Amino acid sequence: MNIKVYNALLENLTNGQKSVLMTYLKTVDNKSGNIIKKELITREDIDSTNQQTTVSKELNEKLNHALHTGNIEILNMKNNDQILIEPYFPKPRLIIFGGGHIAIPLVAFGTKVGFSATVIDDRPSFANSNRFSKASEIICDSFKNSFSKLNIGESDFIVIVTRGHKHDETCLRNALRCNPAYIGMIGSKRRVKGVKDKLLSDGYTASRIEEINAPIGLDIGAVTPEEIAIAIIAEIISYRRISKNPATSKITKKVNWPEFDPEIIENLLVKEEIPKALVTIISSKGSVPRKAGAKMLVWFDGRTIGSIGGGCSEASVIATARDVMLNKSYSIEDVDMTADMAEEEGMVCGGKMKVLIESL
């Protein structure tokens, strides 16, 4: 059941590493066959010279595209076999320096849209679980010292909203030594310009300084802490979901941050006598409830964890999964959600999905 591979995947994601899971499919017909093996590769593996010499050019391109876009890729082999290439991203982390009045709605809104939240403040009265009950981590330490505890990576989004200019600049200088997905700092245009000019004089490059979002947040005329938090979260979502050309601000690509439910992988690893199958959406079109990458775990006795969208179509997939379990194989099924959505919501729109059902 590839326990070592899935254990390694969980470990990679816990450590903040983007990874790609390759599933080698031995086809019997157009929609079914057997799984030969699974192989896990991290971004570091793909970037290394050794890795690039062990895979074909086409496969290497697919691996890189999956990591850059978050989209599932399929490589068709000469013998009609296939390799399913699934990117896995760590849960995005919102790191908030400063536990003041803006941080409270930032944590609330950030966790609602799928981020884990970490709050740092050097004051115990501000850095505590009573104030931030939904935060995954609270660090009460100096802002400078806290960086050694954070292991900041490319799935982290840094928000600097401390109580003073000196602390803001300390956080900003340390953040620029890391490689997060986003850095934003609060402040007036005049003060921000002063900080940027100082950084330039200290040797930071203009291109690096331009990556700082300051004043932070989208310009929506926000006034209250809640409005400011919404402006910040909206800007962060844009960094999570799209890439822009810095010179023109034009969108260069949209990024699909893959849906990932660690509970599914954890249950997948549990050894049981009852057969089970993993269902993965590998492509979707139109207005479907879940997108590519979403998963559902199905047991032979009818239990499930996760969802691919609900409705009669999901029930049909669960029924097919039982046959897959018995045959210890895989099946690729087309799922039409249009009828379900029209019946349940009175809507004429809908969408279609392609799902992989694999016996575990």
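The values are calculated or read from the model by the stated rules, or taken from the named source; none is laboratory data. Small disclaimer: the values here were computed from a predicted structure and weren't measured. Using ideal geometry, Cβ is built from the backbone for each residue, glycine included, and neighbour counts are taken over all protein chains shown.
Against the test of being over 22 Å from I237 (Cα atoms) and not basic (K, R), the options I186, I120, I104, I138 yield a single qualifying residue, I138.
Looking at I96, I139, just one residue is more than 19 Å from D261 (Cα to Cα), surrounded by 20 or more Cβ atoms within 10 Å (Cβ to Cβ) and touching a residue at least 60 places away in the same chain (Cβ under 8 Å), and that residue is I96.
Selection of first residues in the range 103-125 that are on the phi < 0 side of the Ramachandran plot and of second residues that are assigned to a helix (DSSP H, G or I) and surrounded by fewer than 18 Cβ atoms within 10 Å (Cβ to Cβ), restricted to Cβ pairs under 6 Å at least 6 apart or on distinct chains, gives the following pairs, ordered by first then second residue: P105/P225; P105/E226; A117/T111.
Consider the range 162-179 and keep the residues that are over 24 Å from the mean Cα position of the chain (by Cα), part of a loop (DSSP other than H, G, I, E, B) and of a type outside the set (K, R). The one that is nearest to I236 (Cα to Cα) is T162. When G99 is tested against (1) farther than 26 Å from G293 by Cβ; (2) out of contact with any strand residue (DSSP E or B) (no Cβ under 7 Å at 6 or more places or on another chain), just one condition goes unmet, and that condition is (2). Only strands (runs of 3 or more DSSP E) whose full extent lies in the range 221-290 are considered here, and the ones with at least 2 residues that are modelled with pLDDT of 90 or more and not polar (S, T, N, Q) are 276-286.
Of the residues making up the range 6-54, those that are hydrophobic (A, V, I, L, M, F, W, C), in a helix (DSSP H, G or I), modelled with pLDDT of 90 or more and over 17 Å from G293 (Cβ atoms) number 1. Checked against (1) assigned to a loop (DSSP other than H, G, I, E, B); (2) surrounded by fewer than 19 Cβ atoms within 10 Å (Cβ to Cβ); (3) at pLDDT below 90, S207 meets all criteria but (1).
Step by step: first the residues of the range 93-152, then only those that are acidic (D, E) and part of a loop (DSSP other than H, G, I, E, B), then the one that is farthest from P225 (Cα to Cα). Which residue is that? So the residue we want is D141.
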